[in-house]
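Enquirer: Shown below is the structure under consideration.
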Amino acid sequence: MNKLSKFINNPWIAYVFAAGYGLTNWVPDEPHLKAMFRGTVGEKLDLKNPKTFNEKLQWLKLHDKNPLYNTLVDKYRVKPWVAERIGVEHVTKTYAMWEEVEDIDITDLPDRFVLKTNHDCGGVAICSDRSTFDLDAAKKKLAKHLKTNYFWRTREWPYKDVKPCVFAEEYLDPSEGKSDLTDYKIMCFDGKACCEFTCTDRSEGDLRVDFFDPEWNHLPFTRHYPNADIPPKAPASLKQMVSDAELLSKEIPFVRADFYEVAGQYYFGELTFFPGGGFEEFDPSLWDEKLGSWIQLPDSIGGGVLPK
């Protein structure tokens with residue numbers, strides 16, 4: 001009944017549903033994004049004078065076509081680029097790469113490792129103990145992800161031409177008492193880190209997201225997911241993470257740089273240009289416009305001013 005109520009209040013949800021099954025791939029980018037925006041955010045998308053964070057992400061999808069972004073969203077091929085800028089010690093080791101799941105061979109891998117697809121979200125299989133690792137199940141999951149082009153649903157163009165592959169990388173051990181790693185995500189606007197957020201309890205199926213200002217004061221809003229019961233503490237490496245994120249994000253209107261911290265060492269995770277595809281709601285909604293004001297677009301279409 002809840003789903004039916006949502007559909008009655010916003011029939012555009014049907015378009016979002018169809019997009020999830022690839023039924024809207026024929027629709028040109030701009031009308032597609034407008035329809036998706038109505039179905040997810042529940043509002044009309046203003047591309048002539050975008051003001052909110054979500055609106056400006058959609059504008060950037062259509063107009064900021066820096067070819068470097070194709071490499072930066074590729075989780076496998078971005079590693080050398082990042083290592084050259086912040087140091088190889090902050091990039092997880094890569095053990096092997098395969099273009100087809102049938103070729104995956106874990107014989108020479110360590111007892112613990114992670115298998116990932118390079119071109120999408122969620123294509124991950126974690127091996128914490130090779131003696132109990134279900135390789136067939138992992139291959140089945142990864143094969144499904146390899147067949148998916150992440151571009152079509154959200155039109156995040158940097159992913160469209162990424163050559164899919166699976167790679168094996170270093171396993172990072174969560175701290176004692178934790179079932180998964182805390183994601184530390186640095187939001188950078190034209191090379192300046194303006195806020196951070198954490199993702200916790202992902203493996204338990206109850207994702208919690210908490211936003212913080214640069215001094216790690218908890219910010220009073222949510223974005224699609226609830227806050228943690230107890231806000232995570234700042235990582236010991238926060239200053240270094242922020243410095244590296246700003247280095248990696250130079251001359252980019254907006255990009256999010258992700259890190260992990262394990263045993264006093266921090267590691268790069270990935271770069272993301274369109275968090276949530278630009279379709280996740282803020283509560284209260286005024287924060288959507290506040291973060292949007294930090295994205296600097298041409299003055300004629302809303303501009304933007306970075307916080308001091």
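Enquirer: Under a no-solvent Debye model with one identical scatterer per Cα of the chain, what's log10 I(q)/I(0) at q = 0.14, 0.15 Å⁻¹?
Expert: -1.21, -1.38
Enquirer: On a 0 to 90 degree scale, rounded to 10, what angle separates helix 135-146 from the longest Cα axis of the chain?
Expert: The two axes meet at around 30 degrees.
Enquirer: OK, next. Let me know the shape class of segment 126-262, please: from the alpha-carbon gyration tensor, a ≥ b ≥ c as square roots of the eigenvalues, rounded when a/c is under 1.5, otherwise prolate if a/b is greater than b/c, or oblate.
Expert: oblate
Enquirer: Order these peptides, 26-33, 90-97, by their mean beta-carbon neighbour count within 10 angstrom, highest first.
Expert: 90-97, 26-33
Enquirer: Further question on the same structure: Which three extents, in angstrom, do the Cα atoms of segment 2-66 have along their principal axes, listed largest first?
Expert: 39, 26, 14
Enquirer: Compute the signed sum of charges (Lys and Arg +1, Asp and Glu -1) over the other residues within less than 15 Å, Cβ to Cβ, of residue 239.
Expert: Cβ neighbours under 15 Å give a net charge of -4.
Enquirer: Mind checking the angle between helix 53-63 and the chain's longest principal axis? C-alpha axes, 0 to 90 degrees, to the nearest 10.
Expert: Computed tilt is about 80 degrees.
Only the coordinates and a few stated rules stand behind these numbers; no lab work does. Keep in mind that this is a model prediction, so the values were computed, not measured. Cβ sites come from the backbone with ideal geometry, for glycine too, and all protein chains shown count toward neighbours.
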